[in-house]
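The values are calculated or read from the model by the stated rules, or taken from the named source; none is laboratory data. Because the structure is a prediction, the values reported are computed rather than measured. Using ideal geometry, Cβ is built from the backbone for each residue, glycine included, and neighbour counts are taken over all protein chains shown.
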Amino acid sequence: MQRRAFLQLAAGVLASGGLAGLAPRVLADAIEHRGMDAKSFHASRRFMQTSFGRIAYVERGTGPAALFLHGFPLNSFQWCGALDRLSPYRRCIAPDFLALGYTEVAEGQSVAPDAQVAMLIALLDALHVSTVDVVANDSGGAVAQLFMTRHPERVRTLLLTNCDTEHESPPAAMKPVIEMAHQGTYVDRWLVPWLANKTLARSPQGFGGMCFADPTDPTDEAIECYFTPLTSTPRRKALVNAYAIALEHNPLAGIGDALRRCKVPTRIVWGKDDTIFSVAGARYLDETLGHSLGVRYLDHAKLFYPEERPDVIASEARRLWSLVGEA
């Protein structure tokens, strides 16, 4: 019944003009304001000292907390538009994973998905946050599934976008990345040239063409924000390579039974033009999760659509939160 209620709620929001009176097709084609610029985002960054290192995060808003988990090789800037839209309703917390973004990793610290889950628990404890609504993308979605199944008491709701699933982790597209990472060359062969030549980064041969639907994405400032810290020192490069290698042996293997037992209300919003993760992943999640609220498929949307279409993230999150009575 909750799935039906969710669909009725979504239809009601559209019919009532809750999304500025725009029909779904118009929404899909709209150019969205992305949120704060990189300079403002950098200025709002905070650090929390933990045993895992100094964890970089951005926090906006008050009230019940929402946790935003970014993709690879991005950082919390991916969620800048969503934070703008959702901070009036939630205490939005967007950390940078170990080895990515501006987080400073402790010496000898693992950056594998298990360690990422433990780091998130430590961060939330330090921030005195007991429960969260989780929003996740890409490898952040793998971490979200591990987090939810291991700590279900700490997750109110989960909004999953295109991400790893048990049968597609890592995806085939990650294999060359992992091979280069084993050789210690991934950052130098891909990220360094993309940082130096942003047109290349946006090309079909770059991560823009691979992961963004708009050929003008990612912006110059986004590329700078994402790749400058990762290419800054030999140690940072090694950590990025270690992050990729840690995904080689499926971190979600055997998670299916735990997903079936999980009662966390979960909504899936999947970009149909993703060349990294197949739509079969969305179907698997919908059929496997113990409390799935269905899938919304997006046309003209690739892996990193949450950055390009934050209005979709915001509207789906608010509907999900409304369904559990905490909009």
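Structure values in brief
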| item | result |
| --- | --- |
| Options PHE41, PHE68; residue that is buried (at least 18 other Cβ atoms within 10 Å of the Cβ) and either modelled with pLDDT under 95 or in a helix (DSSP H, G or I) (or both) | PHE41 |
| Failed criterion for CYS225 (all others in (1) surrounded by fewer than 22 Cβ atoms within 10 Å (Cβ to Cβ); (2) closer than 30 Å to THR62 by Cβ hold) | (1) |
| Residue ID - nearest to TRP321 (Cα to Cα), chosen from residues in region 259-272 that are over 17 Å from the mean Cα position of the chain (by Cα) and assigned to a loop (DSSP other than H, G, I, E, B) | PRO265 |
| Pairs with Cβ under 6 Å, 6+ apart, first in region 132-153 and within 9 Å of LEU69 (Cβ to Cβ), second hydroxyl-bearing (Ser, Thr, Tyr) and outside any loop (DSSP other than H, G, I, E, B) | ASN137/THR161 |
| Tally, over region 201-232, of residues that are under 13 Å from LEU191 (Cα atoms), among the hydroxyl-bearing types (Ser, Thr, Tyr) and part of a loop (DSSP other than H, G, I, E, B) | 3 |
| Top-ranked residue of region 91-114 - restricted to ones that are over 14 Å from the mean Cα position of the chain (by Cα) and among the small types (Gly, Ala, Ser), ranked as nearest to ARG60 (Cα to Cα) | ALA99 |
| Index of the failed condition, LEU323 passing every other in (1) of a type in the set (A, V, I, L, M, F, W, C); (2) crowded, with 21+ Cβ neighbours inside 10 Å; (3) touching a Phe, Trp or Tyr at 6+ places or on another chain (Cβ under 6 Å) | (2) |
| Residues located in region 145-170, provided they are surrounded by fewer than 23 Cβ atoms within 10 Å (Cβ to Cβ), in contact with a strand residue (DSSP E or B) (Cβ under 9 Å, 6 or more places away or on another chain) and closer than 20 Å to ASP273 by Cα | none |
| Neighbours by Cβ (under 8 Å, 6+ apart or cross-chain): first from region 43-57, on the phi > 0 side of the Ramachandran plot; second in a loop (DSSP other than H, G, I, E, B) | GLY53/LEU98; GLY53/THR103; GLY53/ALA106; GLY53/GLN109 |
| Test result for LEU252, crowded, with 16+ Cβ neighbours inside 10 Å, over 30 Å from LEU195 (Cα atoms) and of a type in the set (A, V, I, L, M, F, W, C) | yes |
| For LEU127: the one exception among (1) crowded, with 21+ Cβ neighbours inside 10 Å; (2) touching a residue at least 60 places away in the same chain (Cβ under 8 Å) | (1) |
